[in-house]
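Below is one structure; the comments refer to it alone.
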Amino acid sequence: MSMKTLVNVVTNVALLSGLVFSGIAYADQQRVDERLEVPADVFVKIENMRGDVRISGTDENYAEVKGELDKYATGLTFTLDGSTLSIIVDMEERNNFSGDEATDLSITLPRSAKLSVEGVSTDFWVNDFNSDVRVNSVSGDLEAQNVTGNIRLNSVSGDVQGKNLAGTVQMKSVSGDILDRSNKATTVSYGSTSGDINAASTASEVTAETVSGDIELALDEVKELELRSVSGDAEAYFVLLNNGRVTGESVSGDVALAIRGNVNAKVSAQVSGGGSIVNRLSDARAEESRWGIGASLETTIGSGSGVIEVTTMSGDIRLTKN
């Protein structure tokens, strides 16, 4: 058998047995540069398996996609059907995607476009929109800046960050941290299972909940504030509006409320299973439980128009003027 024949035989056997390296099977990442004229209020559906996607708003009525597709991508769906635009990175049907050659896209859309964004292990950045925005990722980080509208940011194991958000805002992560700065929303909700929540907002209605993380909120004038924590501490700094309501619940964690300005509220604080109550809002003192393992405080401050209710189990309560 000649050497040429032997090489051909070996090559054919390798091909038949599937031993050819994946580098031979996959070409370089495909570059894309696409543009469409779209309505100003277009609804945009964006889907990507993995990688980085940056989405920016513009005052012009066009949609543009630039960058590189995942090496396992079979193509890009970029179609306008009526008032709905689809931007989807089409992937092979497989369970394992290895390597670093993931999607890296920059997308430009009208500032008033409504967004529905989905990813698996994709990091998303969303900037400069005046519209409804929904972003979901399984293991990717999310960041939104300068967005006004109905905003929902959700990640399972990634961090969620916001800056200069306004309207109605919801930020959630299961095992990631939440960081929000210069929030100007009217209503805001933060939730994390095993991550910390750190936020500064002028919203008058605020909810923050975490299971094994800490909560720290710097707020303005509050009408409604709800704090819930398990195995973590919760701190909030705010002004309590007349007729405002604040509730705090913690298990195995402390609750600290620092209130600026005048306080007019009925105050109820309960500690059980060990812990103490420190009240610096008035001269009223907490009463220890007859069993010696808890304490309670019931008092009215000023006109009593508002409500402050705090309960902890195995944690301390601090009520102070900031």
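Things worth noting here:
- Some residue of segment 12-32 being modelled with pLDDT of 95 or more, within 26 Å of the chain's Cα centre (by Cα) and surrounded by fewer than 21 Cβ atoms within 10 Å (Cβ to Cβ): no
- Test result for ILE215, closer than 25 Å to ARG181 by Cβ, of a type in the set (Val, Ile, Thr) and over 25 Å from the mean Cα position of the chain (by Cα): no
- Among the residues of segment 37-55, some residue qualifies, meaning at least one is closer than 19 Å to ALA102 by Cα, of a type in the set (D, E, K, R), modelled with pLDDT under 95 and crowded, with 18+ Cβ neighbours inside 10 Å.
- The residue that is farthest from GLU221 (Cα to Cα), among those in segment 186-202 that are surrounded by fewer than 23 Cβ atoms within 10 Å (Cβ to Cβ) and touching a strand residue (DSSP E or B) at 6+ places or on another chain (Cβ under 6 Å), is GLY191.
- Note on segment 213-260: among residues that are polar (S, T, N, Q) and out of contact with any Leu (no Cβ under 8 Å at 6 or more places or on another chain), the one that is surrounded by the most Cβ atoms within 10 Å (Cβ to Cβ) is SER229.
- Residues of segment 123-139 that turn out to be under 14 Å from the mean Cα position of the chain (by Cα), buried (at least 24 other Cβ atoms within 10 Å of the Cβ) and in contact (Cβ under 8 Å) with a residue 24 or more places away in the chain, as a count: 2
- When residues of segment 87-104 are limited to those that are under 25 Å from the mean Cα position of the chain (by Cα) and at pLDDT 95 or above, the one nearest to ALA40 (Cα to Cα): ILE87
- Condition met for ASN164 (touching a residue at least 24 places away in the same chain (Cβ under 8 Å) and within 20 Å of SER56 (Cβ to Cβ)): no
Here is a yes/no grid of residues against (1) over 18 Å from ALA203 (Cα atoms); (2) of a type in the set (D, E, K, R):
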{"position": "GLU224", "(1), (2)": "no, yes"}
{"position": "LEU227", "(1), (2)": "no, no"}
{"position": "GLY248", "(1), (2)": "no, no"}
{"position": "SER252", "(1), (2)": "yes, no"}
{"position": "SER272", "(1), (2)": "yes, no"}
{"position": "VAL278", "(1), (2)": "yes, no"}
{"position": "ASP283", "(1), (2)": "yes, yes"}
{"position": "GLY302", "(1), (2)": "yes, no"}
{"position": "ASN322", "(1), (2)": "yes, no"}
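- Near pairs, Cβ below 7 angstrom, 6+ apart or cross-chain, from segment 268-288 (of a type in the set (Asp, Glu)) to any residue that is surrounded by fewer than 18 Cβ atoms within 10 Å (Cβ to Cβ) and outside any loop (DSSP other than H, G, I, E, B): GLU287/SER296
- Answer from THR79, THR84, THR122 - the residue that is touching a Lys or Arg at 6+ places or on another chain (Cβ under 6 Å), at pLDDT 95 or above and among the β-branched types (Val, Ile, Thr): THR122
- Candidate set: segment 267-282, residues that are surrounded by 17 or more Cβ atoms within 10 Å (Cβ to Cβ) and modelled with pLDDT of 95 or more; chosen: the one farthest from VAL222 (Cα to Cα): VAL271
- Among (1) within 24 Å of SER201 (Cα to Cα); (2) within 15 Å of the chain's Cα centre (by Cα) - the single one GLU118 does not satisfy: (1)
- Residue within segment 159-176 that is at pLDDT 95 or above, under 22 Å from SER204 (Cβ atoms), surrounded by fewer than 17 Cβ atoms within 10 Å (Cβ to Cβ) and under 12 Å from the mean Cα position of the chain (by Cα) present: yes
The values are calculated or read from the model by the stated rules, or taken from the named source; none is laboratory data. Remember, it's a predicted structure, so these values are computed and weren't measured experimentally. Reconstructed Cβ throughout: ideal geometry from the backbone, glycine too, with neighbour counts over all protein chains shown.
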